[in-house]
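Enquirer: Structure in structure tokens, see below.
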Amino acid sequence: MLRKGSYWDRLKQADLIIGGINFTSNYMWVPFPRNGYTPSDLINRESAQSIYGLTLETLKIHWDALGILAEHTFMWPDPRDLMYGGSKLHLSQNINKCSEALGVPFPVIATVSDPLKVLQDIQGGAVDAILKREYSNASLHVFTKYTPDATERLMKALADEKQAYSPIHEGPFPRPMWIVQSFSSPLQHLGEIRAFVVNGSIINILTTTQATSLRPLPINSSVWSIFPTFHN
Amino acid sequence: MGPFEQHRHRPEDIFEIYLLKMLSKLIIEEERTNKFRSGLRIFNRFDVSVFKVRDTGKVVYMMNEITRSHFTGLFQAWDSQGYMDVMFQELERILHLRASQFKKDRGSRIQT
């Protein structure tokens, strides 16, 4: 985002700006490109071949410009909100705090300093847990006991991460933390529900329960019958 | 059996109550921590795991993920009921409302 010329001036005068880089995701690197470009494929520090032609240096300029722009016009999503949302550690801590306040269960999480060692423990069965990383999406940085080629994938991810983040430990782009999340063996996983909320109203609820051949399913009475004994 | 036991919530009601309670608590906590308005006020997708406790059969929810960006997967291919059209209409409405509020607030700040 160049802060000069009529384009910049027009942006500052806009009533509403929608879109921008998805800072919740792996915005610094593309470790596992699939089908060509992915939404994460925005930043390529080696060259300006990415979708927006940004390098690390121009990304910093872009971030500063977003801050200035946010003072002039309403932006959705707020880049700061996205940067916060990408931090799974902070988000999990908040979710856990709120869950505890409501008296509902939550998974135990902990940061990991040696992801490779933890992955070995998970795959060897010594630890019943999931290893995952902040600022990632589509399970690109999620490792379980059953992840194929897990060690090779993790080593590649760590090498990419070191290359992408090493020049900028400080500043607006935090180095992603690796987190381990516990499994609870007394719990049987029935599935996952996805609920869309706009302006505090639940608009739509889907289930991606694997027990059915159709996924996702719209929630209706027949789907709720899968979970007949809800308690809260 | 007392009269009020006839009005126990259905499973879907209990789930929605859980979601809305979590939403309000998360917004308060985020805004207390971050010192800026939480994007959860406008839009988000909650991913909630459903578990059954083996010993008791009790079913519990666990908040797994919260997606809040314009990159959120909407599963529109399965939206035969047109729910997401309603979502876009509501999103459009709230974005314009927030934009006009922002403009008004900014005008007040400049004047003072």
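FYI, it's all coordinate maths here, none of it is from the lab. For clarity, every value in this text was computed on a predicted model and none was experimentally measured. Note: ideal-geometry Cβ built from the backbone for every residue, glycine included; neighbour counts use all protein chains shown.
Enquirer: Just check segment A:64-109 against the gyration tensor rule for me: Cα atoms, a ≥ b ≥ c as the square roots of the eigenvalues, rounded for a/c under 1.5, and otherwise prolate or oblate depending on whether a/b exceeds b/c.
Expert: Working: a/c = 5.19, a/b = 2.88, b/c = 1.80.
It comes out prolate by the Cα gyration axes.
Enquirer: Using a 10 Å cut-off on Cβ atoms, rank the peptides B:58-66, A:147-155, A:19-27, A:69-77 from the highest mean neighbour count down.
Expert: A:19-27, B:58-66, A:69-77, A:147-155
Enquirer: Can you give the calculated 222 nm mean residue ellipticity of chain B, where each DSSP H run of n ≥ 4 adds -39,500 (n - 2.57) and the sum is split over every residue, rounded to the nearest 500 deg cm²/dmol?
Expert: Dividing the helical sum by the residues of chain B leaves -17000 deg cm²/dmol.
Enquirer: Nearest 10 degrees, 0 to 90: what angle lies between the long axis of helix B:11-34 and the longest principal axis of chain B (Cα atoms)?
Expert: 40 degrees
Enquirer: What nm value, rounded to one decimal, do you get for the distance between A:ASN199 and B:ASP13 when each label is placed 7 Å out toward the C-beta?
Expert: 2.6 nm
Enquirer: Relative to the longest principal Cα axis of chain B, at what angle does helix B:83-111 sit, 0 to 90 degrees, rounded to 10?
Expert: 40 degrees
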